[in-house]
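The values are calculated or read from the model by the stated rules, or taken from the named source; none is laboratory data. Quick caveat: nothing in here was measured; it's all calculated off a predicted structure. Note that each Cβ is placed from the backbone with ideal geometry, even for glycine, and that neighbours are counted across all protein chains shown. In case anyone asks, the SASA skips ligands and DNA or RNA and just uses the protein heavy atoms, side chains included. Shrake-Rupley method; radii C 1.70, N 1.55, O 1.52, S 1.80 Å.
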Amino acid sequence: MMRRLFYFAGKGFRSVRDSPGISLLTAGTVGATLFVAGLYVMALQNLEGLALIWGRTATLTAYIDDAVPPEGREPLRARLEAFEQVEHAVLVSPIEALERFKARGASAAALVEGVSEEILPASIELQLEGGFADLTAVEKLALQTRELPGVTDVDYGQQELERLQTLLDLLRMGGLIAGILIAIATAFIVSNTIRLTVYARRDEIIILRLVGATNGFIRTPYLFEGLIWGLAGGGASALMMWLADVSLAPQISIAVANVVGGLNIHLFNLEVAGILVVAGVFLGVFGSGLAVGRFIDQETS
Amino acid sequence: MIQLFHVYKTFSGDQQALVDITMEIEKGEFVYLAGASGAGKSTLLKLMFCALRPTRGQLLVNGRNVARLGTKAIAYLRRNIGVVFQDFKLLPRLTVEENVAIAREITGAPRRDIRRQTYSILKEVGLAHKLHQLPPRLSGGEQQRVAIARALVNEPQILLADEPTGNLDEERSAEIMGLLEQANNRGTTVVVATHDRNLLESANRRVITLEDGRVAER
């Protein structure tokens, strides 16, 4: 069994060595298509990171009942800060609220000119751990906060948050659909490239059949060849991702820093690299098996 | 060894290549299939080594009905049938030794045995000194001898040859026919398809003549 396996592996290696042009073309096709797929995955991961940062900047605001005396506001803030999801809670007095309103611009300031300093209600702003990534958890917290005595209303930018959630869902769904499409396209391209290589060796296959080789004997060296092409292609795509991460990612991070501070763009991680290599091996072996199988079937029929 | 009962072979477009062929070739026999080009000789040989299936009728090789054999069984049957073609069908990128060894490798024989048997058969056909040559560097006669070595290395019970001397001069043809005779003397059943009248007249063997896909003379 092992002797047979070594024999097939040897034949696979020899075929790769004897056809460097075809091998380079096939591994290159696998590598290029996986590189595109890898870039898409990394782009999606970066966009999710971006959405997370946006989510972290959002706050949940609890408005305090006017009936609560100023000395009763701090215990309420402390109680809210004690909630599991809350990172910290900040008390905003009516005077601070008015100052913030005035700071919006001259027309806003003119609007509240001469009104009482306590025209706006006191409020507590809650920063959440992990941001607003989980809408259900935020809604639950809003409900808990609203039920507290002394809280009249809660505002957490429901509409904006829902839009953000929809965007994330779209990105994930789009990623899934695009991933499936890229996988199908890649398998198709790789299978056709490998068919070319199989076709180039049709004489060998015909002679092997003539002398009594079984389909398994004919197919197995091609599977090893596909494995080598897949490993090389997957490895090359991972290497290209790493090179892109080293050379392009820092520049992209700087370019987007003005729009989203704190977002570090990454175009490589070990998990994606591993997936690319495994996908390359799968594509190589599957594409090769499919191509040689089709050829054998044609010859048999 | 080979039995045909009312065998027909029709290709697409209702082109009848073989019509109602019934014949028997005994074990150890040396038989010529004669006839003009297009008479059906090659089609008949292809049926015998299962490259084609009969459209109608029964074909038994070594007692087995080839119409009922699956892909794997056909592969195993072919290991018992050596085939030689007019155009040699050698792999140009493999050496003489590798071209012959390929027929042994598929059987899973140990490497040492393969090398020994390959050398032995190449010595028999007079090419032991050209083990590492590539086929394109050999003459037509030498290439055909390599093809015969490949066909015989598994010691098959049947040897089929389709116009084996078609590309060779008289002297080389005689050498090739000598090798086929030797194989027959060792007990191999040999079937040679040819339209070479000189060959047929010089050999004192059974001749089956085909004409328009039918047996015209036995």
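Tabulated data for the structure shown
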quantity	calculated
For chain A, alpha-carbon Rg relative to the globular expectation (2.2 N^0.38 Å, N residues)	1.61
Projected label distance in nm at A:Glu129 and A:Leu170, using a 7 Å step from Cα toward the beta-carbon	3.2 nm
Chain B, relative contact order [Cα under 8 Å, separation at least 6], %	30 percent
Amide H partners (placed H, <5 Å) of A:Leu148, local residues excluded	none
Residues whose placed amide H lies under 5 Å from that of B:Ile208, excluding near-sequence neighbours	B:Tyr32, B:Leu33, B:Ala34
Backbone HN-Hα couplings from phi across the stretch A:223-240 [Karplus 6.51/-1.76/1.60, Hz, Gly and Pro as x]	5, 5, 4, x, 4, 5, 4, x, 4, 5, x, x, x, 5, 5, 5, 5, 5
Mean projected area in nm² (Cα convex hull; one quarter of hull surface) for the stretch B:145-218	5.4 nm²
Cα gyration tensor of the stretch A:59-155 - equivalent ellipsoid semi-axes, whole Å, descending	26, 16, 11
Sulfur and carbon atoms: percent of accessible area, the stretch A:59-155 [1.4 Å]	52 percent
Heavy-atom surface of chain B, accessible at 1.4 Å and reported per residue (Å²)	47 Å²
Solvent-accessible heavy-atom area per residue, rounded to whole Å², over the stretch A:59-155 at 1.4 Å	57 Å²
Compactness index (Cα Rg / 2.2 N^0.38 Å), the stretch A:145-301	1.67
For the protein assembly as shown, the spread of Cα positions along each principal axis, largest first, Å	131, 47, 40
Accessible surface buried upon A-B contact (total; probe 1.4 Å; Å², nearest 100)	1800 Å²
Square roots of five times the Cα gyration tensor eigenvalues for the stretch A:1-48, Å	35, 16, 4
Using alpha-carbon coordinates, inclination of helix B:170-185 to the longest axis of chain B, degrees	80 degrees
Excluding exposed DSSP-loop GluC sites (Glu not before Pro) (at most 14 other C-beta within 10 Å), longest clean stretch of chain A	A:148-301
Computed FRET value (nearest 0.05) for A:Arg202 with A:Glu48, which takes r as the C-beta separation and R₀ as 45 Å	0.40
Compactness of chain B - radius of gyration and Dmax, Cα, Å	17.1, 50
Lys pairs, chain B - Cα-Cα below 30 angstrom, 8 or more residues apart or on other chains	18
Relative contact order %, chain A, counting alpha carbon pairs below 8 Å whose residues are six or more apart	29 percent
